[in-house]
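Novice: Once you've had a glance at the structure underneath, I'll fire off some questions.
The values are calculated or read from the model by the stated rules, or taken from the named source; none is laboratory data. Remember, predicted model here, so these are calculated numbers, not experimental data. Neighbour counts are summed over all protein chains in view; Cβ atoms, including those assigned to glycine, are modelled from backbone coordinates with ideal geometry.
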Amino acid sequence: MTKFEHLPNQVIYEIFDCLDVCHAFEAFFNLNIRFQYLLINSPLFLKIDFSCISKSNFQNCCTYIIQPNVHRIVSLRLSNPLSIDLFLTLFSFNASFIQLESLIFTQINFKKLEPILTSLSSLPRLYYLTINNNIEVCDSSEIYRLIFRLPVLKHCIISPKFYGGSLSLHTAKNESSPIEYLSINRHCSLNQLMSLISYTPKLNHLSSLSISETSNARINNISMTYPKLTRISLKLWRMSFDSFKLLCSKLFYHLEVLSICTRADDHYLIADRWQQLIINHMPNLRIFDFQHYWEPLDDNNTEQRTYHLLIDRFTSSFWITRQWFFAHQHFSRRGIRDAVFYSTHPYRNLYELHERAHNDACPRRDEGKNLARRVNIDDYRAATNCSLQFPCATELSLWGKGARGNFSFIADLSHMFHFSKLTHFSVQCPDFGLAQLIELLNHLPNVHSLILYANTSYLSSEQIQPIHFVSNKSRISNVTIRGRCTIQQIHLLMSLCPRVKCLEIEIDEDQLELIVRFLLFEKTNHIQSDSLKTKVSFLKEFDCLQRKFLYLFSRTQNKKLTPSDDLSTFMLSQQSSNNNLFSLCFFNPKPGMEQKLQRMISREKLLNDYSIGSVFNYLYLWW
């Protein structure tokens, strides 16, 4: 059998071409001198993803791969503000990035975008630009203006995580952008949206998170036409059907795909009005992806019957011949009654499943297979006897309360999902037990991103046993914990997920030093002999912590756990489980926490080379 390292160069390059260059660098660079040479002198175009990488590997990749091969980079992804800052100290976006076609920024400080966008105008092949999860807290007009000046940009996505700034962009006069795909995932008024798209006469696809009501006079003044605009996705929380109809008459004649989510105005539920609107103003429409939410006023069936009379009109031949079918649900979400009428076709990427209300007698519910890739289950009880299946789902989120101690829903989920396909799992249930999490993760072998809600859960000695198996096969590398967590929860988490690389948490300031010291303990190999007292002090704290664990996990048992029991043995065996961690993010840090953290790291020599910085209400530590 031929050994891998004996394969010819051409075969090795074909393997490299299937990998992100950073992953190839980590996997092969230290194998031998030949592989170092192949990586550094590769003739392939480079796709670089810095979404999850340590600072040392980042620097090495920049030095050995990017620096000599800037002209061969076709895509670049930078995914935290510290790596972005470091990259910009090493490189400038100038004409040397001659092949760069796709650029993605995640968690970039919005204020730093202006000089970057100015320099991007010199790139001759930049077709795709994505700005995700940035913090938009200033007037963003100049940002959009600079984006619209990029000479060859075709595809643009802007998704601020927080937006508190204004948008006062004037309507374009003699300016136009080549953008064909524009997604703006923020709230804006119709006036603002029309000002934005006035710069994009070649627009083919438009998506906006939320559009508010505007005067019909303003809509009547729309003079531009968009003959290439064939796909639109909108959320209209505060726009009446009459205003939407007027907007359609101005802009949507060539539309082929309409994805729309509305609320409150019952006129959106009148099938005959939709039929006339589509025939007269959207004659080319192929896909009608519709959701309408409303809040029922009472608990009896009178109002349901009224709505049923409306939605039953969506079963005429007009809808059936187009293969447009609908269903609806009555449910309670966070104590508020709600209802939704929606398309049942598989076009939507996100599906929300709600627990059926106790008085929901409607037979028109969704069933069969749905091709959504992201599924939110609003209450674990919604999965009980659910006939839906999601064969393509890769992301699953669980919400609601009342799940503690309930393991039967795991079997329900197994009938709905291919567990092996799930890669992102989120639990936003405040009373979801750790024992349940362990059992569920045991069925999710390929999850690499996990979001949890901080809670206090106790395990029996019998429940500790599965941690061995789950932790050994865990692939989870990114973890986010919502709510303030404690050192006990962090310890359990790192034991359960020993391959975590990036951790985002919220903690009390009095827990800061203990938690950071625990997480960085494996990095203290660099500590000099004069730090011995610090290590001894930590070990004493750790021993105290062990005793607390033994107490917490034995309080529900008749027998008393001792250090010789499985729990203690397992915890001690997991002390070296933090080796993979290289990124910490603290949500809602207290004033002065950054300086306190720096002093601690310096005093105890926990890290040699690291970066630290704050952006809005996040504090980042990267090494």
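Novice: Inside the stretch 239-265, can you point out the residues that are under 26 Å from the mean Cα position of the chain (by Cα) and either of a type in the set (K, R) or outside any strand (DSSP E or B) (or both)?
Specialist: Scanning the stretch 239-265 gives a single hit, R263.
Novice: Here's something else I'd like to know. Can you tell me which residue within the stretch 56-80, out of those that are touching a helix residue (DSSP H, G or I) at 6+ places or on another chain (Cβ under 8 Å) and in contact (Cβ under 8 Å) with a residue 40 or more places away in the chain, is nearest to C22 (Cα to Cα)?
Specialist: If we take residues in the stretch 56-80 being touching a helix residue (DSSP H, G or I) at 6+ places or on another chain (Cβ under 8 Å) and in contact (Cβ under 8 Å) with a residue 40 or more places away in the chain, then C61 is nearest to C22 (Cα to Cα).
Novice: I've got another one for you. Can you pull out the residues in the stretch 34-61 that are part of a helix (DSSP H, G or I) and in contact with a strand residue (DSSP E or B) (Cβ under 9 Å, 6 or more places away or on another chain)?
Specialist: Correct list: K55, F58, C61.
Novice: I'm trying to understand the selection: among the residues of the stretch 217-246, which are among the basic types (K, R), at pLDDT below 90 and under 12 Å from R263 (Cβ atoms)?
Specialist: If the condition is that a residue be among the basic types (K, R), at pLDDT below 90 and under 12 Å from R263 (Cβ atoms), then R238 is the only one that fits.
Novice: Go through the stretch 374-411 and give me each residue that's at pLDDT below 90, within 20 Å of E439 (Cα to Cα) and of a type in the set (S, T, Y).
Specialist: Within the stretch 374-411, Y380, T384, S408 qualify.
Novice: Output the number of the condition that I53 fails; it satisfies all remaining conditions of (1) buried (at least 18 other Cβ atoms within 10 Å of the Cβ); (2) under 27 Å from K154 (Cα atoms).
Specialist: Just one mismatch for I53, condition (2).
Novice: Give the stretch 106-139 a look and list any residue that's at pLDDT 95 or above, buried (at least 20 other Cβ atoms within 10 Å of the Cβ) and outside any helix (DSSP H, G or I), or say none.
Specialist: Of everything in the stretch 106-139, those that are at pLDDT 95 or above, buried (at least 20 other Cβ atoms within 10 Å of the Cβ) and outside any helix (DSSP H, G or I) turn out to be L123, L126, L129.
Novice: Can you report the number of residues in the stretch 102-129 which are farther than 20 Å from E142 by Cβ and not hydroxyl-bearing (S, T, Y)?
Specialist: 4
Novice: In the stretch 325-373, how many residues are at pLDDT 85 or above and assigned to a loop (DSSP other than H, G, I, E, B)?
Specialist: Of the residues in the stretch 325-373, 7 are at pLDDT 85 or above and assigned to a loop (DSSP other than H, G, I, E, B).
Novice: Let me ask another. For Y226, which of the numbered conditions (1) out of contact with any Pro (no Cβ under 8 Å at 6 or more places or on another chain); (2) under 25 Å from R286 (Cβ atoms) fails to hold?
Specialist: It fails just one condition, (1).
One line per residue, one yes/no per condition, for (1) assigned to a loop (DSSP other than H, G, I, E, B); (2) touching a strand residue (DSSP E or B) at 6+ places or on another chain (Cβ under 9 Å); (3) in contact (Cβ under 8 Å) with a residue 24 or more places away in the chain:
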residue: H170; (1), (2), (3): yes, no, yes
residue: K173; (1), (2), (3): yes, no, no
residue: I179; (1), (2), (3): yes, yes, yes
residue: L182; (1), (2), (3): no, yes, yes
residue: N185; (1), (2), (3): no, yes, yes
residue: N191; (1), (2), (3): no, no, yes
residue: Y199; (1), (2), (3): yes, no, yes
residue: L206; (1), (2), (3): no, yes, yes
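Novice: Within the stretch 483-513, how many residues are part of a helix (DSSP H, G or I) and either touching a residue at least 12 places away in the same chain (Cβ under 8 Å) or touching a Gly at 6+ places or on another chain (Cβ under 9 Å) (or both)?
Specialist: 14
Novice: Taking the stretch 6-33 on its own, how many of its residues are part of a loop (DSSP other than H, G, I, E, B) and either aliphatic (A, V, I, L, M) or touching a helix residue (DSSP H, G or I) at 6+ places or on another chain (Cβ under 7 Å) (or both)?
Specialist: Adding up the residues that qualify gives 5.
Novice: Answer yes or no as to whether N32 is out of contact with any Gly (no Cβ under 6 Å at 6 or more places or on another chain) and modelled with pLDDT of 85 or more.
Specialist: Yes; evaluated as a whole, the condition is true for this residue.
Novice: Say we look at the stretch 451-486 and pick out the residues that are among the aliphatic types (A, V, I, L, M) and surrounded by 19 or more Cβ atoms within 10 Å (Cβ to Cβ); which of these is modelled with the lowest pLDDT?
Specialist: Only one residue tops the list, namely L459.
Novice: Let me ask something additional. How about the stretch 194-212: which of its residues are modelled with pLDDT of 90 or more, more than 25 Å from the chain's Cα centre (by Cα) and aliphatic (A, V, I, L, M)?
Specialist: L196, I197, L203
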